[in-house]
Amino acid sequence: MKYEGKQFIGAIFLLAEVLSVTDLEALTVEITGGRKDGAMWMVEAAVQTVRGSTSSAQAVAVKVNGAPAAFNPADRTWQGEVTLSPGVNRLVAEALDAGGAAVDSGAADILYLSASQRLRGTLSGDTVLSAAAAGYLIDENIIVPKGATLRIESGVVIYLKSATSIKVLGGIAAEGTEALPIRFTRYGDGTKWKQILFVEAADSRFAHCIIEGADSAGEHQDYYLPGPRDYHEAVVFLATHVDFEGCVFRKLPDESAGAEGDALAIISDDPDHPGASSANIQSCKFLSIGQGVHTRYSYVLVEDCYFQGKRGDNDDVDLYGESTPPPLIRNNLFDLPVHEDRINPTKCSAVIIGNLIMGSDDQGLVLRDKSSPIVMNNIIHKVANGGIAVENSCTALLVNNTIFNCGTGLRLFDLGRWGSPYFLTPGGGTATVINCIIWNCARTISLADSSNTQIQDRGSHIMVTHSDVQGGRGGVSISGTQSTVVWGDGNLDADPLFVNAANADFHLLAGSPAVDRGSAEQAPADDRDGKPRPCGAGFDMGAYESGDCQPPQGTPFRRGDANADGGMDIADAVFILLHLFTGRGQLECDKSGDLDDGGGLEVADAIYLLNYLFLHGAAPESPAGACGQDPTPGQDPLTCESYPPCGTPQ
C-alpha cells in the first residue's frame, strides 16, 4: 500500500559527526531539507544539496560519496548534490590535496522517507509496516478503521510530525523483539506528537516497543467532572483491551530534566465511549517520565515492571474506581527516590503484592476512599512521608509487609477533598495489620480523626496482630478522640535482624525474632521470593520467609495453552471441550487447561478462556503468559508430566 506525502519545505543545516581519520582535520558537511533525530537526519526528498567547508589549507578538491563537488579554494567552501535511496543513506565527504590524498573528512547518516513510507488519513484496510522500510512518517493524523489491523514488524521506527495522532478503531499488532524494538517517536528534535487513541477497538498488543516524544503532560482533575474529556496521556484506551510486554516509556515529551509526560490511560467510564477497558502490562520500563499507568474503573495487571525517576504530581500507578476483577499490581520495582506517591488506588480494591518500593518524597502506597484493597509481601523503605497511608473511609488488609526507614510507617487519616473535583468520602482510615514488620521509622503508626463534623464515625481504626512494631503499642500515636487501636495477640517489639538493611536486603537472619512468630490467618501461600509459607515451625513476619525451602519444583507450563502449541487462543477452548466431551483432546499437561486453578478440568475453564479472549475477562491464573511453576503444587489432583513449549522439567 502506498501513501502520498507532502515534501518538506525549508532549509536546515547539519554539522555531521566526524570520522576518525589520523592526522586529518574536521570537515563540516551541511545538508538542506531535513529534520534531526539525535544523530540521524531525515528528509522527504530524494535529491539533496549538500555543502560545507574545510579548514585544511592543503585542500584543493572535495568529493561527496566519491563524486566531485564544486570547490572554492578562496574560502575553502564546497557544494554538491546527492540522490538518496529510500531508507538510511551514509554520506561521506572528503577533502583532497593536490596529490589526491585525503586531508579532511566528515560523514552523516540520512534517512530518506519516500512517498511509500508516509501515512495519512484513514487506512484502506489491513496494513503492514515492514522492517525492510526502516522507517515510516506520519505527516497527518491517521485512523485505523473498524475491522482493520495495523501490523508493525520488529525494528520499524514510526516518526510522527508535530501534533499528529493515531486513532485506532480497529487494532494494532506491534510485535517488536528485544534486539529489534519498534519505536514510536517524534519527527525531529524539538517536535512533539499528540497521542495514540484507541476507541472501542479490537484487542491490541505492543511487544518490545519504545514510546517517546509525545506531548503528554497534564492533570486528571477534569476526568472527575461530568462532560467531555481531553485525555493527555501518550496512549489512551477507551472500551478496549491491550497487552504490553517488554515496552519502554521514556522522553515524554523529551529528554529534558523537567519532562513529566504521562504514559498510559485505561478508561472504562468515558462519557462518549463507555465500556470495559483492561490491560496486561508486563515487564515494561517507565523511565524519568510523569505517571506510568492511570486507570478508571478498569482491570489492569501491572507485573514485573520497572519504574524509575518519576516526575510531576501524578503518581507512578494511579487506579480509580472498582473493576471486576480488581487491579493486580504485582512484583514491580519502584526504584530511586522520586516525587509524589508510587501506587495510589482510590475507590479501588486493588490487590498489591510483592512490590519493592525504594523511596519517595511523599508516600509509598496511598489507599484512598471507600474500598477494600489487599496489600501483601511488599517492601517499602526510604519513603519520606508515609510507608502506607489509609485514607477517607478506606478499609485495608495489610499482611506480611516490611516497612523500613520511613517518615511514618502507617498513616490513617482523612485527607479532606470532599468537594469538587475529587468528592472523596469523609472519614478516617481503617486497617487490619497481620504479620508485618514496621521498623526504623520516625513514627511507627499514626491515627487521626477526620475533621468532618457531619459524619457519625470520625475516627481512624487499626487492629494489629502478630507483627513486629518498633515501640510496640507505645509506638502508636493518636490524634483525636474517636480513633481506636486494637493491639492483638503475638505482637513484638524487637530488632527483626535483617540480613543487610543498609543495602535493602530485608531477608531475615536465622536468629530473627520474627521467624516462626507470624499467624496463618490471611497469610499468603508464598513469600516475595516465591518460597512457600510456612518454611519451618510457623509463618514468619515480613515479606520474606526464612529457611532453605525452595519455590515449587516441577514441569514449567503456561496456563491457558491447553493444546501445548505455545500460544493461547480459541483453539485451546475447543481443545478443552473436545477433551471433556469426546475424549479426542488429550492434554499433555492437565494443569494448562485449568484456567482458574480450581483443581479440575471443567466446562467453566473453556468459558473462562473465552471470556478472557473476547470479553476482557480475568486473565488465567499464574503461570500465564510466561513459563512458570504451579504456585499451588500438591493442592489438586491435576498433573503436568510434560509441556514441550517450556522445555524439560526443572
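So in the range 384-397, with the set limited to residues that are surrounded by 24 or more Cβ atoms within 10 Å (Cβ to Cβ) and in contact with a Pro (Cβ under 9 Å, 6 or more places away or on another chain), which one is nearest to residue 533 (Cα to Cα)? Here the residue is 396. Residues in the range 161-184 that are charged (D, E, K, R) and more than 18 Å from the chain's Cα centre (by Cα): 161, 167.
Residues of the range 108-125 that are outside any strand (DSSP E or B) and crowded, with 22+ Cβ neighbours inside 10 Å: 113, 117.
Residues are listed down the side, and each one gets a yes or a no for (1) within 13 Å of the chain's Cα centre (by Cα); (2) over 24 Å from residue 193 (Cβ atoms); (3) buried (at least 24 other Cβ atoms within 10 Å of the Cβ):
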position	(1), (2), (3)
263	yes, no, yes
268	no, yes, no
278	no, yes, yes
283	yes, yes, no
287	yes, no, no
291	yes, no, yes
297	no, yes, no
301	yes, yes, no
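Taking the stated definitions as given, is residue 150 aliphatic (A, V, I, L, M), in contact (Cβ under 8 Å) with a residue 60 or more places away in the chain and either open to solvent by 10 Å² or more (accessible area, probe 1.4 Å) or outside any loop (DSSP other than H, G, I, E, B) (or both)? Judged against the criteria, residue 150 is not a match.
All of 158, 138, 143 fail the test of being free of Cβ contacts under 8 Å to residues at least 40 places away in the same chain, in a strand (DSSP E or B) and crowded, with 20+ Cβ neighbours inside 10 Å, apart from 158. Of the strands (runs of 3 or more DSSP E) lying entirely inside the range 33-92, the ones with 3 or more residues being within 19 Å of residue 105 (Cβ to Cβ) are found at 47-53, 61-64, 67-72, 77-83. Only residues that are open to solvent by less than 10 Å² (accessible area, probe 1.4 Å), in contact (Cβ under 8 Å) with a residue 40 or more places away in the chain and more than 22 Å from residue 219 (Cβ to Cβ) were counted across the range 303-354, and they come to 1. Would you mind stating whether residue 99 is part of a loop (DSSP other than H, G, I, E, B), farther than 30 Å from residue 131 by Cβ and either in contact (Cβ under 8 Å) with a residue 24 or more places away in the chain or open to solvent by 20 Å² or more (accessible area, probe 1.4 Å) (or both)? Judged against the criteria, residue 99 is a match. When the range 453-475 is filtered for residues that are farther than 18 Å from residue 517 by Cβ and open to solvent by 20 Å² or more (accessible area, probe 1.4 Å), the ones remaining, listed by number, are 453, 454, 455, 456, 457, 458, 461, 474. The single condition from (1) farther than 12 Å from residue 362 by Cα; (2) crowded, with 24+ Cβ neighbours inside 10 Å; (3) over 25 Å from the mean Cα position of the chain (by Cα) that residue 377 fails is (3). In the condition set (1) open to solvent by less than 20 Å² (accessible area, probe 1.4 Å); (2) of a type outside the set (Asp, Glu); (3) at pLDDT 85 or above, residue 585 is compliant with all but (3).
Can you find a residue in the range 128-139 that is at pLDDT 95 or above and of a type in the set (Asp, Glu)? Among the residues of the range 128-139, not one is at pLDDT 95 or above and of a type in the set (Asp, Glu), which makes the answer no. Residues of the range 506-522 that are within 16 Å of residue 401 (Cβ to Cβ) and surrounded by fewer than 15 Cβ atoms within 10 Å (Cβ to Cβ): 521 alone.
Inspection of the range 172-182 finds no residue satisfying the criterion of being at pLDDT below 95 and either over 24 Å from residue 277 (Cα atoms) or in contact with a Lys or Arg (Cβ under 7 Å, 6 or more places away or on another chain) (or both). Quick check on the range 414-424. Is at least one of its residues at pLDDT 95 or above, crowded, with 24+ Cβ neighbours inside 10 Å and at positive phi? No, that holds for no residue. State which residue is nearest to residue 323 (Cα to Cα) when the search covers only the range 196-245 and only residues that are open to solvent by less than 20 Å² (accessible area, probe 1.4 Å) and of a type in the set (Ser, Thr, Tyr). Per the stated criteria, the residue is 240. Taken over the range 523-572, the criterion of being open to solvent by 40 Å² or more (accessible area, probe 1.4 Å), in a loop (DSSP other than H, G, I, E, B) and of a type in the set (Asp, Glu) is satisfied by 529, 548, 565, 569.
The lone criterion from (1) surrounded by 15 or more Cβ atoms within 10 Å (Cβ to Cβ); (2) within 30 Å of residue 133 (Cβ to Cβ) left unmet by residue 83 is number (1). If only residues of the range 291-317 that are touching a Lys or Arg at 6+ places or on another chain (Cβ under 6 Å) and assigned to a strand (DSSP E or B) are counted, the one that is nearest to residue 528 (Cα to Cα) is 303. Looking only at the range 117-134, residues that are touching a Leu at 6+ places or on another chain (Cβ under 8 Å) and hydroxyl-bearing (Ser, Thr, Tyr) come to 1 in all.
The values are calculated or read from the model by the stated rules, or taken from the named source; none is laboratory data. Given the structure is predicted, the values throughout are model-derived calculations rather than measurements. So basically every Cβ, Gly included, is an ideal-geometry build from the backbone, and we count neighbours across all protein chains shown. For the accessible areas, the whole protein counts, side chains as well, though only heavy atoms, and no ligand, DNA or RNA atoms are used. Shrake-Rupley method; radii C 1.70, N 1.55, O 1.52, S 1.80 Å.
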